[in-house]
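Chemist: The structure that follows is given in the form of structure tokens.
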Amino acid sequence: MRKALRWLLAFVVLIGTVSTAGAATAAEPKAVDIKDRLLSIPGMSLIEEKPYTGYRFFVLNYTQPVDHRRPSKGTFQQRITVLHKDTARPTVFYTGGYSVSTNPSRREPTQIVDGNQVSMEYRYFTPSRPEPADWDKLDIWQAAGDQHRIFKALKPLYPENWLSTGGSKGGMTATYYERFYPRDMDGVVAYVAPNDVVNREDKAYDRFFARVGTEECRDRLNGVQREALVRRAPLKEKYEAYAAENGYTFDTIGSLDRAYEAVVLDYVWGFWQYSTLKDCADIPADAKNATDDEIWNSVDTISGFSFYTDQGLAPYTPYYYQAGTQLGAPTIHFPHIEKKYIRYGYQPPRNFVPRSIPMRSEPWVMRDVDRWVRHNADQMLFVYGENDPWGAEPFRLGRGAHDSYVLTAPGMNHGANVAGLVPEEKALATARILDWAGVASADVRENPSAAEPLATFDAKLDKRDVQREPALRP
């Protein structure tokens, strides 16, 4: 009788267990779609979603305070994008330091770690600009605050390791973010990031242009640049017709003559920023005997006669404002051109910002960042191109740096990347990126030379051509 009772009790318990398990299974919530999770973040709104095989791609607005010190004093909508792969993968936080592309793309560290990518439009680049714009709130600390808030909002959705990255001004931005919020990211990959510590001391650029490439190439470039100033009168007539045809004006820089000289003086810099030594074959070899059209076309192709117009400068007002207040800007000399042909020289950023916007120089800001990087860099990688003028003043590491590197890609320009490094350094950089992202295999940790990107190259998503943009901006 007691045995039968025990069997009955056991049967009841078993039935109860099965019923409970079934009820629990039925009660399990359906997985929440990543779009819904993103839009559940306070202040996040959807602009559009674009399809891409293997990913979800979202263009979003995120509400940011104009002033992170006084968040109650107004907000603006900051545009970001999310290239979503899997919440179980690492995430790369990218900014180019300017406007953000609204088409799916993948930066090199994202391909290396096979991860998600969050991209941020830099504050004050349209449409991510407060109205009215208080330009005093455009500085590197406020921009770092933007990144910090985005990271804090998205980290619960993407809990694995995060890396920050960017090229040129974006590389600078990633570095400044690390300086102010060193606990946010697990690693930093900064590409071709200038470090203008003392704005008035720019001899490094003159030394760079005296030795870059070959003597033959330098002579070709210098010859065309000088000849464009020798022929200022006839080529300015061509410029006036070109401006009239396109409705260009010159109120910001002050005159067509100033704009003409600015374009010409950008010529040599622009070549080395975006071209390579083999492209010297396209430069007129005998500038003195070249036609006006040959001189014009060469300068226009490399520097762009439209840039120093009001219409060309307007999209870059936030950059030139920062260059004149905190970032600094290069000044170079032209020993191959007689002084009588140069009226203005390299003009300061103030000349490229409307006079209605006040500017005040803060030279201590870059010194602070430089000092911090030298003594505190931890899991930071800086990549430069050997023939890129912006690399003439690079970030450097001091004794306090830990697991950090400054590497230079031979022969490369402003598009330098990890793939362009010599094999040993390429493997080292790839291995460190994988390790910082938390996805390095045991083989890679033991033997860095085995490191390879985890995602296969996608010709559309990973397009790495350097976009030709105005020369005198990183």
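The values are calculated or read from the model by the stated rules, or taken from the named source; none is laboratory data. Just so we're clear, the structure is a prediction, and the values are computed from it rather than from any experiment. Cβ coordinates were reconstructed from backbone atoms using ideal geometry, including for glycine residues, and neighbour counts include every protein chain displayed. For the accessible areas, the whole protein counts, side chains as well, though only heavy atoms, and no ligand, DNA or RNA atoms are used. Shrake-Rupley method; radii C 1.70, N 1.55, O 1.52, S 1.80 Å.
Chemist: Being over 23 Å from residue 377 (Cα atoms), surrounded by 23 or more Cβ atoms within 10 Å (Cβ to Cβ) and touching a residue at least 24 places away in the same chain (Cβ under 8 Å) is true for just one of 138, 157. Which residue is that?
Modeler: Being over 23 Å from residue 377 (Cα atoms), surrounded by 23 or more Cβ atoms within 10 Å (Cβ to Cβ) and touching a residue at least 24 places away in the same chain (Cβ under 8 Å) holds for just one of 138, 157, which is 138.
Chemist: Has region 321-338 got at least one residue that is hydroxyl-bearing (Ser, Thr, Tyr) and closer than 16 Å to residue 263 by Cβ?
Modeler: No, there is no match, as no residue in region 321-338 is hydroxyl-bearing (Ser, Thr, Tyr) and closer than 16 Å to residue 263 by Cβ.
Chemist: Moving on. Quickly run through region 412-446 and pick out the residues that are among the polar types (S, T, N, Q) and touching a residue at least 24 places away in the same chain (Cβ under 8 Å).
Modeler: First, pick out the residues of region 412-446 that are among the polar types (S, T, N, Q): 413, 417, 430, 441.
Scanning region 412-446 gives 413, 417, 430.
Chemist: Can I ask one more? Which of the residues that make up region 295-305 are among the hydrophobic types (A, V, I, L, M, F, W, C) and either in a helix (DSSP H, G or I) or open to solvent by 20 Å² or more (accessible area, probe 1.4 Å) (or both)?
Modeler: 295, 296, 299, 302, listed by residue number.
Chemist: Continuing with the same structure: Given the options 85, 73, name the one that is charged (D, E, K, R) and either under 24 Å from residue 314 (Cβ atoms) or modelled with pLDDT under 95 (or both).
Modeler: 73
Chemist: In addition: Counting just the residues of region 95-107 that are touching a helix residue (DSSP H, G or I) at 6+ places or on another chain (Cβ under 7 Å) and surrounded by fewer than 24 Cβ atoms within 10 Å (Cβ to Cβ), which one comes out farthest from residue 128 (Cα to Cα)?
Modeler: It comes out as 96.
Chemist: Would you please list the contacts, defined by Cβ atoms under 7 Å and residues six or more apart or on different chains, that run from a residue in region 252-263 that is within 15 Å of residue 296 (Cα to Cα) and in contact (Cβ under 8 Å) with a residue 24 or more places away in the chain to a residue that is among the polar types (S, T, N, Q) and open to solvent by 10 Å² or more (accessible area, probe 1.4 Å)?
Modeler: Sorted first by the residue in region 252-263, then by its partner, the pairs are 262/347; 263/303.
Chemist: Looking at region 328-359, which of its residues are in a loop (DSSP other than H, G, I, E, B), of a type in the set (Ser, Thr, Tyr) and touching a residue at least 24 places away in the same chain (Cβ under 8 Å)?
Modeler: If the condition is that a residue be in a loop (DSSP other than H, G, I, E, B), of a type in the set (Ser, Thr, Tyr) and touching a residue at least 24 places away in the same chain (Cβ under 8 Å), then 331, 344, 346 are the ones that fit.
Chemist: With respect to the numbered conditions (1) in contact with a Lys or Arg (Cβ under 8 Å, 6 or more places away or on another chain); (2) in contact (Cβ under 8 Å) with a residue 40 or more places away in the chain; (3) among the small types (Gly, Ala, Ser), which one is the sole condition not fulfilled by residue 275?
Modeler: (1)
Chemist: If you go through region 336-361 one residue at a time, how many are under 22 Å from the mean Cα position of the chain (by Cα) and either open to solvent by 80 Å² or more (accessible area, probe 1.4 Å) or not aliphatic (A, V, I, L, M) (or both)?
Modeler: Looking only at that region, the number is 2.
Chemist: On the basis of being assigned to a loop (DSSP other than H, G, I, E, B), under 25 Å from residue 271 (Cβ atoms), modelled with pLDDT under 95 and in contact with a Pro (Cβ under 9 Å, 6 or more places away or on another chain), does residue 308 make the cut?
Modeler: no
Chemist: Can you name every residue in region 429-452 that is closer than 16 Å to residue 111 by Cα and aliphatic (A, V, I, L, M)?
Modeler: Once the filter is applied, which keeps residues that are closer than 16 Å to residue 111 by Cα and aliphatic (A, V, I, L, M), region 429-452 yields 429, 431, 433, 434, 437, 439, 440, 451.
Chemist: Here's something else I'd like to know. Specify which of the listed residues (161, 116) is closer than 19 Å to residue 90 by Cβ and either among the hydroxyl-bearing types (Ser, Thr, Tyr) or in contact with a Gly (Cβ under 8 Å, 6 or more places away or on another chain) (or both).
Modeler: Answer to the check: 161.
Chemist: So is residue 92 touching a Pro at 6+ places or on another chain (Cβ under 8 Å), open to solvent by 10 Å² or more (accessible area, probe 1.4 Å), closer than 16 Å to residue 144 by Cα and not acidic (Asp, Glu) or not? Working first, answer last.
Modeler: Values: touching a Pro at 6+ places or on another chain (Cβ under 8 Å): yes; open to solvent by 10 Å² or more (accessible area, probe 1.4 Å): no; closer than 16 Å to residue 144 by Cα: yes; not acidic (Asp, Glu): yes.
Considered against the rule, which asks whether it is touching a Pro at 6+ places or on another chain (Cβ under 8 Å), open to solvent by 10 Å² or more (accessible area, probe 1.4 Å), closer than 16 Å to residue 144 by Cα and not acidic (Asp, Glu), residue 92 comes out as no.
Chemist: Please give the number of the condition residue 425 fails out of (1) farther than 17 Å from residue 112 by Cβ; (2) in contact with a Ser or Thr (Cβ under 9 Å, 6 or more places away or on another chain); (3) of a type in the set (Asp, Glu).
Modeler: (1)
Chemist: Sticking with this one: Give region 421-453 a look and list any residue that's in contact with a helix residue (DSSP H, G or I) (Cβ under 7 Å, 6 or more places away or on another chain), open to solvent by 20 Å² or more (accessible area, probe 1.4 Å), farther than 20 Å from residue 382 by Cβ and of a type in the set (A, V, I, L, M, F, W, C), or say none.
Modeler: Result: 439, 450.
Chemist: Do you know which residues across region 379-420 are farther than 27 Å from residue 462 by Cβ and surrounded by fewer than 16 Cβ atoms within 10 Å (Cβ to Cβ)?
Modeler: Passing the criteria: 396, 398, 399, 400, 402.
Chemist: List pairs: first in region 389-411 and more than 16 Å from residue 208 (Cβ to Cβ) and free of Cβ contacts under 8 Å to residues at least 60 places away in the same chain, second polar (S, T, N, Q) and open to solvent by less than 30 Å² (accessible area, probe 1.4 Å), Cβ under 7 Å, 6+ apart or cross-chain?
Modeler: Close Cβ pairs satisfying both conditions: 397/404.
Chemist: Hey, another quick one. Which of the residues that make up region 262-294 are touching an Asp or Glu at 6+ places or on another chain (Cβ under 9 Å) and open to solvent by less than 20 Å² (accessible area, probe 1.4 Å)?
Modeler: Matches in region 262-294: 263, 271, 272, 273, 275, 280, 287, 290.
Chemist: What pairs can you find where one residue is in region 197-221 and more than 14 Å from residue 271 (Cα to Cα), the other is open to solvent by less than 40 Å² (accessible area, probe 1.4 Å) and of a type in the set (D, E, K, R), and their Cβ atoms are less than 6 Å apart, with a gap of 6+ or different chains?
Modeler: Within 6 Å, the pairs are 197/370; 204/393.
Chemist: Only one of these is at pLDDT below 95 and either under 26 Å from residue 263 (Cα atoms) or not hydrophobic (A, V, I, L, M, F, W, C) (or both): 399, 355. Name it.
Modeler: 399
Chemist: May I pose another question? Being in contact with a Lys or Arg (Cβ under 6 Å, 6 or more places away or on another chain) and assigned to a helix (DSSP H, G or I) is true for just one of 320, 260. Which residue is that?
Modeler: 260
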